[in-house]
Amino acid sequence: MKKLLLSTILSISFISSAFAAHPQCGETELANIMGNMKDNMKAIKGAAKADDFEKINAIAKQLLVDVQKAEQYVPLAISDKKELNQEQQKEFDDYKNGIANLEKAVTSLTTATNIEEQKAALGKIGKAAKKGHKAFKMDCDE
């Protein structure tokens, strides 16, 4: 009985540590960039509700800079090493494609000439961001 209890406790402790967040989770340059992107998207949403064309445009330009920076980094959900194996490289290529789609949507927002075009671009940004977020965001809660 003691052996069964001990093995159960060891199994549970191993399982919980296997699912624990990466020690760098939330503390990388990419995490900082993604935090800025999230803040900018919230600010754009508020400006869109107020139909503030100029404010949307200004924030979109900041967002575009962050999206372009994000392409340089490998998400921890893929790897914490510079060298990627074949599967990780495929995942990184998928990540870069997602970032490229997001960049295209943000670029269309920065070139919009009226509030209707901005709102259409915001819809594309929302879809691209949601898809990428779902695929590559790490759960940093332990």
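Every number here is computed from the coordinates shown, using simple stated rules; none is lab data. Owing to the predicted nature of the structure, the values given are computational and were not obtained by experimental measurement. Quick reminder, even Gly has a Cβ in these numbers, built from the backbone with ideal geometry, and neighbours come from all protein chains shown.
Some observations on this one:
- Scope the range 110-120; condition of a type in the set (A, V, I, L, M) and touching a residue at least 60 places away in the same chain (Cβ under 8 Å); matching residues: I115
- Flag for K104 being exposed (fewer than 14 other Cβ atoms within 10 Å of the Cβ), in a helix (DSSP H, G or I) and on the phi < 0 side of the Ramachandran plot: no
- Residue in the range 69-77 that is buried (at least 19 other Cβ atoms within 10 Å of the Cβ), free of Cβ contacts under 8 Å to residues at least 60 places away in the same chain and either assigned to a loop (DSSP other than H, G, I, E, B) or among the acidic types (D, E) (or both) present: yes
- Every test in (1) under 12 Å from the mean Cα position of the chain (by Cα); (2) surrounded by fewer than 16 Cβ atoms within 10 Å (Cβ to Cβ); (3) not polar (S, T, N, Q) is passed by K82 save one, and that test is (1).
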